[in-house]
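Engineer: One structure is given below, represented as structure tokens, and several questions about it will come after.
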There are 2 protein chains.
Amino acid sequence: MSETQQEIDQWMQAAIDEANQARIIGEVPIGAVIVKDGQIIGRGHNIREHAQDATFHAEILAIQEACMVEKSWRLEDTAIYVTLEPCPMCAGAIINSRIPKVYFGASDPKAGVTGTLMNLLTDKRFNHQAEVVGGVREAECASLLQTFFRKIRENRRKKKKMAGN
Amino acid sequence: MSETQQEIDQWMQAAIDEANQARIIGEVPIGAVIVKDGQIIGRGHNIREHAQDATFHAEILAIQEACMVEKSWRLEDTAIYVTLEPCPMCAGAIINSRIPKVYFGASDPKAGVTGTLMNLLTDKRFNHQAEVVGGVREAECASLLQTFFRKIRENRRKKKKMAGN
């Protein structure tokens, strides 16, 4: 399985669309899709706050949907596209579901473990490795997050100012 | 929060009981419970094969239940008891749910990342660390797994022998 740059951009756009779904409901905008044979078989966006569930990251929800669609916990011959570099939980879920290829947008200096803090997906001690391509539509993926957190900070400042009046 | 040895043994027994639930239905016998204020608030056992879902490990299911019970993704002031050392996905879920204390039974030389291959839960680069105590009722937890895999190997040998006749 080898994707063209156009396909990669297209699937990352679908992940960005998912991230926007999170943004609209006030969640940290992170989205993911899983693609097999030119079709999306799993989608997810972060809904941690709405669900009040620490495991409801975009990748986990996309993997769960893809497993359901495939009727298999093995997601071989698929690729996952995610707007932010996976955290340990999501990188672990990628290992556990045997996804062979990972495209991510923005790097995560705080929790990214597919290249930034470490790379769990190329560690030969685990029983599965995945190829990782970072920086796909990086500026757009990062901008989504930056805008979201800037707005939160602005709202906090406004509230403080109003409380001070 | 500081548990007595009797309490630790008691909660690990509850995790072993969960592992036995997995064993009875033919799943790799791994179980987990989450305890808060002397009460179990989340239980789980591995059901990967029945659910055909790569994320359905004991710890994930226990964390999801505990989040539901607590109506919060933050599982502060809790402890998780699990019969096998957590994999990257489950260690990551423990970080994400802010569980401060982890007791595990048997070490996992293949995927254990809370002391064996690495320790994600004491890595100061993540925004949460947990105290880890391994080897709790280790012999019983390991024996459950060893017996399970020995039976699988025996069954395979029997089938081969029958096919040869």
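Engineer: For the range A:1-111, report the accessible area per residue in Å² (1.4 Å probe, heavy atoms, rounded to an integer).
Structural biologist: Normalised by residue count, the accessible surface of the range A:1-111 is 38 Å².
Engineer: Okay, moving on. Counting only other chains, and only Cβ atoms inside 10 Å, what mean value do you get across the residues of B:78-91? List each step's numbers first, then the result.
Structural biologist: Numbers: counts 0, 0, 0, 0, 0, 0, 0, 0, 1, 6, 15, 14, 6, 3.
Per-residue shielding by partner chains comes out at 3.
Engineer: Of B:K101/B:K124; A:K110/A:K151; A:K124/B:K110, which pairs sit farther than 18 Å apart, going by alpha carbon to alpha carbon?
Structural biologist: As for pairs spanning more than 18 Å Cα to Cα, those are A:K110/A:K151.
Engineer: Given all pairs of different Cα atoms, what value in angstroms does the Kirkwood hydrodynamic radius of the range B:12-151 take?
Structural biologist: Numbers: mean 1/r = 0.0687 Å⁻¹.
Result for the range B:12-151, one decimal place: 14.6 Å.
Engineer: Report the FRET efficiency, 1/(1 + (r/R0)^6), for A:I24 and B:I24, where r is their Cβ-Cβ distance and R0 is 45 Å, rounded to 0.05.
Structural biologist: 0.50
Engineer: Next question, about the same structure. Going by a ≥ b ≥ c, the root eigenvalues of the Cα gyration tensor, does the range A:1-59 fall in the rounded group (a/c under 1.5), the prolate group (a/b larger than b/c) or the oblate group?
Structural biologist: Prolate shape, in that a/c is at least 1.5 and a/b is the bigger ratio.
Engineer: Which angle from 0 to 90°, rounded to the nearest 10, does the C-alpha axis of helix A:5-24 make with the longest principal axis of chain A?
Structural biologist: 40 degrees
Engineer: While we're looking at this one, here's another question. Suppose you put the label 7 Å out from Cα in the Cβ direction; list, shortest first and in nm with one decimal, how far A:Q5 is from each other copy's label.
Structural biologist: Counterpart label points of A:Q5 in the remaining copies fall at 6.5 nm.
Engineer: A further question on this structure: Each label point is 7 Å from the Cα along the Cα-to-Cβ direction; what then is the distance between the points at B:R153 and A:N127, in nm?
Structural biologist: 1.4 nm
Engineer: Quick one: check the C-alpha center-to-center distance for the range B:96-136 versus the range B:59-79, whole angstrom.
Structural biologist: 17 Å
Engineer: Same structure, new question: Between rounded, prolate and oblate, where does the protein assembly as shown land on the alpha carbon gyration tensor, with a ≥ b ≥ c its root eigenvalues, rounded for a/c under 1.5, else prolate if a/b exceeds b/c?
Structural biologist: In terms of gyration-tensor shape, oblate.
Engineer: Per-residue accessible area for B:R150 at 1.4 Å probe radius, Å² rounded to 10?
Structural biologist: 110 Å²
Engineer: Further question on the same structure: What does the copy distance list look like for A:R125, label position 7 Å along Cα→Cβ, in nm and ordered from shortest?
Structural biologist: Shortest to longest, the spacings are 1.4 nm.
Engineer: Run through the other copies and list how far each one's label point is from that of A:N20, in nm with one decimal, shortest first; the point sits 7 Å from Cα along Cα-Cβ.
Structural biologist: When each copy's label point is compared with this one, the spacings are 5.4 nm.
Engineer: Under the rule a/c < 1.5 gives rounded, and otherwise a/b versus b/c splits prolate from oblate, where does the range B:120-165 land using the Cα gyration tensor?
Structural biologist: oblate
Engineer: Over both sides of the A-B contact, add up the buried accessible area with a 1.4 Å probe and give it to the nearest 100 Å².
Structural biologist: The A and B chains share an interface burying roughly 2600 Å².
Engineer: Report the rotationally averaged projected area of the range B:59-112 based on its alpha-carbon convex hull, in square nanometres.
Structural biologist: About 3.3 nm², averaged over all directions.
Engineer: What residues in the range B:34-65 lose 40 Å² or more of accessible surface when the other protein chains are added to their chain alone (1.4 Å probe)?
Structural biologist: By number: B:R48, B:Q52, B:A54, B:T55, B:Q64.
Engineer: If you count, for every residue in A:96-103, the Cβ atoms of partner chains within 10 Å of its Cβ, what is the mean?
Structural biologist: For this peptide, the per-residue mean of nearby foreign Cβ atoms is 2.
Engineer: Okay, next question. Could you work out what % of the accessible surface of the range A:16-165 is carbon and sulfur, using a 1.4 angstrom probe and leaving DNA, RNA and ligands out of the count?
Structural biologist: Within the range A:16-165, the accessible surface is 50 percent carbon and sulfur.
Engineer: Compute the acute angle (0 to 90°) between the alpha-carbon long axis of helix A:58-70 and the principal axis of greatest extent of the alpha-carbon atoms of chain A; round to the nearest 10°.
Structural biologist: Helix A:58-70 sits at roughly 40 degrees to that axis.
Engineer: Restricting to bridges with both residues inside chain A, how much of the DSSP beta-bridge set is antiparallel, in percent to the nearest 5?
Structural biologist: In chain A, approximately 60 percent of DSSP beta bridges are antiparallel ones.
The values are calculated or read from the model by the stated rules, or taken from the named source; none is laboratory data. Quick caveat: nothing in here was measured; it's all calculated off a predicted structure. As a convention, Cβ positions derive from the backbone with ideal geometry for all residues, glycine included, and neighbour counts pool all protein chains shown. These area figures cover heavy atoms from the full protein model, side chains too; ligands, DNA and RNA do not enter into them. Shrake-Rupley method; radii C 1.70, N 1.55, O 1.52, S 1.80 Å.
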